[in-house]
1. Applying the selection to region 18-42, what residues are modelled with pLDDT of 95 or more, more than 26 Å from residue 224 (Cβ to Cβ) and assigned to a loop (DSSP other than H, G, I, E, B)?
2. What residue, of 180, 122, 156, 188, is assigned by TED's automatic domain parsing to the domain that holds residue 60 and either modelled with pLDDT of 95 or more or farther than 26 Å from residue 248 by Cα (or both)?
3. Could you look through region 430-450, keep only residues that are closer than 17 Å to residue 53 by Cα and in a loop (DSSP other than H, G, I, E, B), and pick out the one that is farthest from the chain's Cα centre (by Cα)?
4. Got a number for residues in region 432-450 being surrounded by 21 or more Cβ atoms within 10 Å (Cβ to Cβ) and touching a helix residue (DSSP H, G or I) at 6+ places or on another chain (Cβ under 9 Å)?
5. Which of the residues that make up region 276-288 are crowded, with 22+ Cβ neighbours inside 10 Å and not in a loop (DSSP other than H, G, I, E, B)?
6. I'd like to check something: does region 356-364 contain any residue that is surrounded by fewer than 18 Cβ atoms within 10 Å (Cβ to Cβ), modelled with pLDDT of 95 or more and part of a strand (DSSP E or B)?
7. Could you check region 327-353 and list, in sequence order, the residues that are under 25 Å from residue 165 (Cα atoms) and not in a loop (DSSP other than H, G, I, E, B)?
8. As an exercise: evaluate residue 335 against (1) under 30 Å from residue 5 (Cα atoms); (2) surrounded by fewer than 22 Cβ atoms within 10 Å (Cβ to Cβ) and give the number of the one condition it does not meet.
């Protein structure tokens, strides 16, 4: 921790896959993410990496003895083998070998037309799946800015609860409702609080479709190597347990959440769907984009020893730009491009991924290969960097000088090019999330997209 920068990150590297050399691609030869895809024309499912506009089939390469065997003992396509051999991936053997095979000057695959056609498939011919079969799912609340915004709406005099700056707050989510990018999301139905000021027989909760549907722009960390029950993971070891990161949209029903979250926290407001992007960008690929953990104000407490380490302070953060876009049905029908709602950065998180893992396991909890840890909403200190509509349309600004704190009901809607307005998500809206890393002296790499369209609630 952190991972070394080596020859696979060289910005001068080019591939014989021409689309990988496009400066705007998310998937140059310096990225090589992990993904799962189906290809009807080849009648198989593929454990792959992506380079440019092509997927590269690991099974074909291993059968040709060009890379180490990646087949599953139980048959079928999965990342069980890759997860089990996590230390091998950590030494970058497969990553380096893939980089060699795809390099523009390497003829091994480039000049073997038959093998090349078997191993490479255009992305347009494939269906992307969620990148791994998720086991458990924990969602954190690691952005101080997000927590301050939300707390200021409802507790302007005391926005942060006493534990926030001492532990990475989280809750246990629902792995069964994690879905891949492109899945249509059904508006949830649930119980909502009685109308404000209702009396007598009217003072009772209602049951019906969510009225305040929202997204949350997050990053997800996938566990590659677990820990034994009863054996905590230290800060020094934490990142060795991470396979990589993906984009995560934690859909949220705010009206259901407001009614149910006391006293035990999120439940039905969060577990109806969470969408992930198709690609796991490995920690090796992210090595050039490490940055210091968020610098805490001198007035803030420093983490307790089990949540602190010099390496984490120096390079525990990751410089990832995150964007949220929206396209209403009317916009899509008239050919209008999605509008960008917000732009933030993962480096602004108060708690790092290593701290989340160390805290999660500090009581002896056993993480397992394939577990997903959500970062919580990524928000900055400016309005255009807020990672949810709950914050984005709220008129308060706790970071102004002096702070502007107004009740959560005072909101300015987002105006769309069609004349439509949004305070929360409407049926037919598509939310598109993107994430990418840029740094001078290195190739830009990206995470692809995380998309979802909302359809009406089931009656």
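The values are calculated or read from the model by the stated rules, or taken from the named source; none is laboratory data. Please read all numbers here as calculations on a predicted model, not as lab measurements. Virtual Cβ from ideal backbone geometry, glycine too; neighbours counted across all protein chains shown.
1. 22, 23, 24
2. Sole residue among the options that is assigned by TED's automatic domain parsing to the domain that holds residue 60 and either modelled with pLDDT of 95 or more or farther than 26 Å from residue 248 by Cα (or both): 122.
3. 443
4. 4
5. If the condition is that a residue be crowded, with 22+ Cβ neighbours inside 10 Å and not in a loop (DSSP other than H, G, I, E, B), then 276, 280, 281, 282 are the ones that fit.
6. no
7. Initially, region 327-353 is screened for residues under 25 Å from residue 165 (Cα atoms), giving 343-353.
343, 344, 345, 346, 347, 348, 353, listed by residue number.
8. (1)
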